[in-house]
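S.K.: Quick one: structure below, then a few questions.
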Amino acid sequence: MSNSTPNQAPAATQNVDLSDLAIRADLADYSPVRGCMVIKPYGYAIWELIQKELDGRIKECGHQNAYFPLLIPESFLKKEAEHVEGFAPECAVVTHAGGSKLEEPLVIRPTSETIIYHMFSKWIKSWRDLPYCINQWANVVRWEMRTRLFLRTTEFLWQEGHTAHASAEDADREARRMLDVYYDFMTKVLALSPLIGQKSDSERFAGADKTFSLEVLLRDGKILQAGTSHHLGQGFAKAFEIQFQNKNNEPEYVHLTSWGVSTRLIGAIILGHQDESGLILPPKVAPIQVIAIPIYKSADEREKVLNECDAIVGELKKLGIRAKVDANEQTSPGAKFNEWELKGVPIRVQIGPRDIENNQVELVRRDLKQKIKNVSREGLSERITLMLDEIQESLFQRNHSWREENTFEANSLEELNKRLDEKGGFGKIHWCGSAEHEAKIKEIAKATIRVRPFEEAKSEEAGNCIVSGNPSPGRVYVGRAY
């Protein structure tokens, strides 16, 4: 076995065309509707694995799945002023149906707070009903001006959770808990190392008191907001009259949270782990974890090799490993190697007649492009199982190291702008908290404040704002984002 380590993995690929890679890897294609995508079976299989893994975690927290309508009365969005202002430019509105004009226009949901909280007002009556915890897997529509497959599309799939609580403390605790659930999922399943913290006021969700976020540094140096959790406070509760009788039989408004991730996570996987040959999929979300490639020249060899491939795949499937034989006779082994590298399959098993004679196979690790020859057939399934775990951990460590290596301190706008131009990454800067000075950072450095560290993770280093020179209690993280 080679002495390769995660640090010897392929270097970053700059300026990757995500849409091109998604199409070539057979994940998705363009729809005839502007800004929409068709998710092909291989791409949708990744989403199903994401959904399965995350859904279990959500249910363990006590949330139940439900479904709410795609169409929302326009008046619902107007009930919460900040919310409607934030989403109005992105809304698609239905004005006609059944051959006639509707009495009230219907908005195709850009998010479901308003329709869900209308129903909460009917269902929540007493403190005994709280906490009320609902989750939904659905599609949403946001009329984006600039679209890119899996990162920003007009329609996308997502999960959105909504909870109601008796106190602000309970709601804040829930919003933070679900942020931790996402963090655990992204690190252990997607092999990503997100930075977590609180958004600035200008970057928070429309209608929220606080927005917490998970920010992933991708291989091209840009940053992706991979998930968010919001402490909504009582604004929506008051707008939709969600009241409960407390233990003293007095009416109170509930405190709400919402939180979600979307098919944008597939974009995070692609750009978080890819190299010049294509995708590198973490084993836990790889639709095919092991691909067996038969190598033969004659018909006699073909039958013998295919039988051995089938036997190996059968053994792996009994262990719950997603394995497949590529028995396509129209494609050469070399072309198959390229195809499955492009698609990011974690392990390739290559078998020829001589391998069978010697009771061995050749393995190839996709993450390191590492060939391991003369692997004994005995104990092969166990070795592959361990190797999948090694690949999962290796990809996480690589992403984590990438984030650490590309996080830097900048003490002036000029220094920040220069470093972001050169390599991208997370800049740690001092900022006084002013929205005006935050806008200046965006204007000059083309960067936004991604998160402010939580108190328990905040550096105690005080300093001066890089725009105004005013006092700053600690550094915040900024970067150029998708």
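The values are calculated or read from the model by the stated rules, or taken from the named source; none is laboratory data. Since this is a predicted model, take the numbers as computed values, not measurements. Every residue, glycine as well, gets a Cβ built from its backbone with ideal geometry; the counts of neighbours run over all protein chains shown. Each accessible area value is taken on the protein alone, full model and side chains, heavy atoms only, with ligands, DNA and RNA left out. Shrake-Rupley method; radii C 1.70, N 1.55, O 1.52, S 1.80 Å.
S.K.: From the cross-link list Lys188/Lys428; Lys199/Lys247; Lys199/Lys238; Lys59/Lys284; Lys79/Lys199, which pairs have alpha carbons spaced over 30 Å apart?
M.R.: Lys199/Lys247
S.K.: Give me the percent of DSSP beta bridges within region 283-435 that run antiparallel, rounded to the nearest 5.
M.R.: 45 percent
S.K.: Mind jotting down the three principal axis lengths of region 310-430 based on Cα atoms? Whole angstrom, largest first.
M.R.: If we take the Cα atoms of region 310-430, the spans are 66, 31, 23 Å.
S.K.: Out of the total accessible area of the chain (probe 1.4 Å, heavy atoms of protein only), what percent is carbon and sulfur?
M.R.: Roughly 47 percent of what the probe reaches on the chain is carbon or sulfur.
S.K.: Hey, another quick one. At a Förster distance of 60 Å, what's the computed FRET efficiency of Glu103 paired with Leu342, Cβ-Cβ distance as r, to 0.05?
M.R.: 0.70
S.K.: Right, next: How much length would be gained if the chain were fully extended between Glu329 and Leu386, taking 0.36 nm per residue of separation minus their Cα-Cα distance, in nm to one decimal?
M.R.: 17.4 nm
S.K.: I've got another one for you. In whole Hz, with x marking every Gly and Pro, tabulate ³J(HN,Hα) for region 50-66 from phi via Karplus 6.51 cos²θ - 1.76 cosθ + 1.60, θ = phi - 60°.
M.R.: Ordered by residue, 3J(HN,Hα) equals 4, 4, 4, 5, 7, 4, x, 5, 5, 5, 4, 7, x, 8, 10, 7, 8 Hz.
S.K.: Roughly speaking, what is the stretch gain from Phe454 to Glu60, that is 0.36 nm per residue apart minus the C-alpha to C-alpha distance, in nm to one decimal? Spell out each step's value before the answer.
M.R.: Working: separation 394, 0.36 × 394 = 141.84 nm, distance 2.52 nm.
Taking Phe454 through Glu60 to full extension adds about 139.3 nm, to one decimal.
S.K.: How long are the semi-axes of the equivalent ellipsoid of the chain, taking √(5λ) for every eigenvalue λ of the Cα gyration tensor, in whole Å from largest down?
M.R.: Working through the eigenvalues yields semi-axes of 44, 28, 21 Å.
S.K.: Also, quick follow-up: In nm, give the distance between the simple-model label positions of Gln360 and Arg148, each being 7 Å from the Cα along the Cα-to-Cβ direction.
M.R.: Placing both labels 7 Å along Cα→Cβ, they lie 4.5 nm apart.
S.K.: Return the Rg/Rh ratio of region 281-368 with Cα-based radii and a Kirkwood Rh.
M.R.: We get a ratio of 0.95 for region 281-368.
S.K.: Over the chain, average the accessible area per residue using a 1.4 Å probe and give it in Å², no decimals. Write down the numbers at each step before the final one.
M.R.: Working: 21350 Å² over 482 residues.
Heavy-atom accessible area per residue stands at 44 Å².
S.K.: Would you please give the FRET efficiency between Asp20 and Phe408, computed as 1/(1 + (r/R0)^6) with r the Cβ-Cβ distance and R0 = 22 Å, to the nearest 0.05?
M.R.: 0.15
S.K.: Of all DSSP beta bridges located in region 40-192, what percent are antiparallel, nearest 5?
M.R.: DSSP beta bridges in region 40-192 are roughly 90 percent antiparallel.
S.K.: Positive end of the dipole of the chain, charges at C-beta (+1 Lys, Arg; -1 Asp, Glu), about the Cα centre: which of Ile372, Ser434, Ala138 has its Cα farthest in that direction?
M.R.: Ile372
S.K.: Enumerate cysteines in the chain without a disulfide-compatible partner, where compatibility requires another Cys Cβ under 4.7 angstrom.
M.R.: Cys36, Cys61, Cys91, Cys133, Cys309
S.K.: Here's a follow-up. Would you mind checking the tilt of helix 435-445 against the longest principal axis of the Cα atoms of the chain, expressed as 0 to 90 degrees and rounded to 10?
M.R.: The two axes meet at around 30 degrees.
S.K.: Sticking to Cα atoms, compute the Rg of region 386-441 to one decimal and its Dmax as the biggest Cα-Cα distance, whole number, in Å.
M.R.: 16.3, 53
S.K.: In addition: Sorted from largest down, what three extents in whole angstroms do the Cα atoms of region 25-118 have along their principal axes?
M.R.: 42, 39, 27
S.K.: Restricting attention to the alpha-carbon atoms of region 169-259, what are Rg (one decimal) and Dmax (integer), both in Å?
M.R.: Computed over the Cα atoms of region 169-259, radius of gyration and Dmax are 15.9, 57 Å.
S.K.: Here is a further query. Counting only residues 5 or more places away or on other chains, whose amide H sits under 5 Å from the amide H of Val451 once H atoms are built in the peptide plane?
M.R.: Tyr477
S.K.: Averaging over all projection directions, find the projected area of the Cα convex hull of region 344-395 and quote it in nm² with one decimal place.
M.R.: If I average the Cα hull's projected area over directions, I get 3.4 nm².
S.K.: Can you compute log10 of I(q)/I(0) for region 237-282 with the Debye formula, treating each Cα as one identical point scatterer, at q = 0.24, 0.31, 0.32 Å⁻¹?
M.R.: For region 237-282 at q = 0.24, 0.31, 0.32 Å⁻¹, log10 I(q)/I(0) is -0.87, -1.05, -1.08.
S.K.: To test your reading of the geometry: what angle, between 0 and 90 degrees and rounded to tens, separates the Cα axis of helix 413-422 from the longest principal axis of the chain?
M.R.: 30 degrees
S.K.: Right, another one. What FRET efficiency comes out for the pair Ser31/Ala299, r = Cβ-Cβ distance, R0 = 35 Å, nearest 0.05? Show your work: numbers first, answer last.
M.R.: On the way: r = 44 Å, r/R0 = 1.25.
In this case the efficiency is close to 0.20.
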